[in-house]
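S.K.: One structure is given below, represented as structure tokens, and several questions about it will come after.
Just so it is clear, none of the values below were taken in a lab; they were calculated from the coordinates. Source: prediction; values computed, not measured. Note that each Cβ is placed from the backbone with ideal geometry, even for glycine, and that neighbours are counted across all protein chains shown.
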Amino acid sequence: MFWLFLSVLLWGSVHSLLASLKAKELFQGWLGRKFMRFYRLAYNAFAGMSFLPVLALVVLTKSRTVYVVPLPWSGLMILGEILAVAGILISFLQTDAWEFLGLRQLEGSARPAQLKTKGLYHFVRHPLYAAGLAVIWLFPIMTCNILVINVALTFYILIRASFEERKLLREFGRGYIDYSAVTPMLVPLIKGKGHR
């Protein structure tokens, strides 16, 4: 199980490193400005492909069941997962799915960044992360392997969200400070401290 945890943290570290501004500047220096049109798409493809070995580890490593949630509660959990997946899809649409995937950049029509505060972003600052956490934790069957992966992914998401916070603060300044003062980071109705 240690290897499962380590594999997710390694994947998350590489994923975060490649998302950083320094990595983007480095790749731009090596490959030129024209290459950057392909960066987001390549980044997404690499992130998806590099997670496959982690999933293979989950399947190939022996595990035991921690719990199975009975009906009707398991039905409610699955309903929660369906709603969370819908939240992910809505968030993609609100953030410009084509740009998020890296397809808009291919045609050279990337738009200037705008601070999103409406829709699901009215309730939490990071609806994709919040919905992702709901999807993994609402699964009604928990094995040791899934538990380890969920803990590691939660750890990664929390760290990734804090990096994202710093990036958004640099990008939007006072507007992001004001937004974070009234909008919770991940859990609706729990405001926290935000940025001052």
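S.K.: Quick one: angle between helix 21-31 and the longest Cα principal axis of the chain, in degrees between 0 and 90, rounded to 10, please.
M.R.: So the helix axis and the longest Cα principal axis differ by about 60 degrees.
S.K.: Ignoring solvent entirely, what values of log10 I(q)/I(0) come out of the Debye formula for region 1-153 at 0.17 Å⁻¹ when each Cα is a single scatterer?
M.R.: Summing over Cα pairs of region 1-153 leads to -1.16.
S.K.: Using alpha carbons only, how many degrees (0 to 90, rounded to 10) separate the axis of helix 127-137 from the longest principal axis of the chain?
M.R.: Approximately 20 degrees, to the nearest ten.
S.K.: Rounding to the nearest 20 debye, state how big the charge dipole of region 59-117 is about its Cα centre with +1 on each Lys and Arg Cβ and -1 on each Asp and Glu Cβ.
M.R.: Working: 5 positive and 4 negative charges, 50 e Å.
Result for region 59-117 is approximately 240 debye, rounded to the nearest 20.
S.K.: If you don't mind, another one. Looking at region 97-126, which trypsin sites (Lys or Arg not before Pro) are in a loop (DSSP not H, G, I, E or B) and have at most 16 other Cβ atoms within 10 Å?
M.R.: Lys118
S.K.: Here is a further query. Determine the dipole magnitude for the chain: charges of +1 sit on the beta-carbon of Lys and Arg, -1 on that of Asp and Glu, nothing else is charged, the reference point is the Cα centre, and the result goes in debye to the nearest 20.
M.R.: The calculated dipole for the chain is roughly 540 debye.
S.K.: Related question: Considering only Gly173, Leu10, Val68, whose Cα is most displaced toward the positive end of the charge dipole of the chain, charges sitting on Cβ of Lys, Arg (+1) and Asp, Glu (-1)?
M.R.: Gly173
S.K.: Out of region 36-126, which GluC sites (Glu not before Pro) are coil in DSSP terms and have no more than 12 other C-beta atoms within 10 Å?
M.R.: Working: sites: Glu81, Glu99, Glu107; in loops: Glu107.
Passing both the DSSP loop test and the Cβ count: Glu107.
S.K.: Taking the beta-carbon count within 10 Å as an exposure proxy, list Ile177, Ile190 from fewest neighbours to most. Working shown, then result.
M.R.: Numbers: Ile177 14, Ile190 9.
So the residues, fewest neighbours to most, are Ile190, Ile177.
S.K.: Putting +1 on Lys and Arg Cβ atoms and -1 on Asp and Glu Cβ atoms, find which of Pro127, Thr183, Ala152 reaches farthest to the positive end of the dipole of region 40-196.
M.R.: Result: Thr183.
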